[in-house]
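For reference, the structure discussed in these notes is given below.
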Amino acid sequence: MLDLAGVAAAVDTEVSDVRALVTLLALGELDVGLVYATDVTAVQGAVDAVPADDLPEGADTTTTYALAALHDAPNPDGARAFVDFVLSDAGRDVLDRHGFGGP
């Protein structure tokens with residue numbers, strides 16, 4: 001995305017995870033950072049998100065996560081119940097409220 005926008009990255013911090021990065025953004029210690037939409041939601045308005053529609057044409061804005069249960073899970077009934085919940089309307093509502101797309 002940076003290349004498409006004609007921006008040369010100038011890394012001035014190295015943090016251990018995205019939450020640490022969004023915290024630095026919220027504190028005003030960084031000008032910009034690439035973080036997950038869910039992390040922007042977590043800081044409740046302390047940073048501005050750029051909607052995907054406003055990104056440069058050709059920028060890949062998709063991130064896909066898998067929902068999986070282990071074949072030999074120690075609690076297969078619990079694993080199945082969790083998968084069923086996540087795939088239910090109630091589970092999808094929880095994901096939507098926290099900025100995640102559907103599985």
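Values in this text are rule-based calculations from the coordinates and carry no lab data. Predicted, not measured: the structure shown is a model, and the values here were computed from it. Because the Cβ atoms are built from the backbone with ideal geometry, glycine has one as well, and the counts that use them run over all protein chains shown.
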* Along the Cα-to-Cβ line of Glu57, 7 Å from the Cα, sits a label point; which residues in segment 2-37 have backbone N less than 20 Å from it? -> 2-7
* Residue-wise HN-Hα coupling along segment 4-18, computed from phi with Karplus coefficients 6.51, -1.76, 1.60 (Hz; x: Gly, Pro) -> 4, 8, x, 10, 8, 5, 10, 5, 10, 7, 10, 10, 7, 7, 5
* How far, in nm, would the chain grow between Val83 and Leu2 when pulled straight, counting 0.36 nm per residue and subtracting the alpha carbon separation? -> 25.5 nm
* Structure fact -> So Glu14 and Val94, fully extended at 0.36 nm per residue minus their Cα-Cα distance, gain in nm 25.7 nm
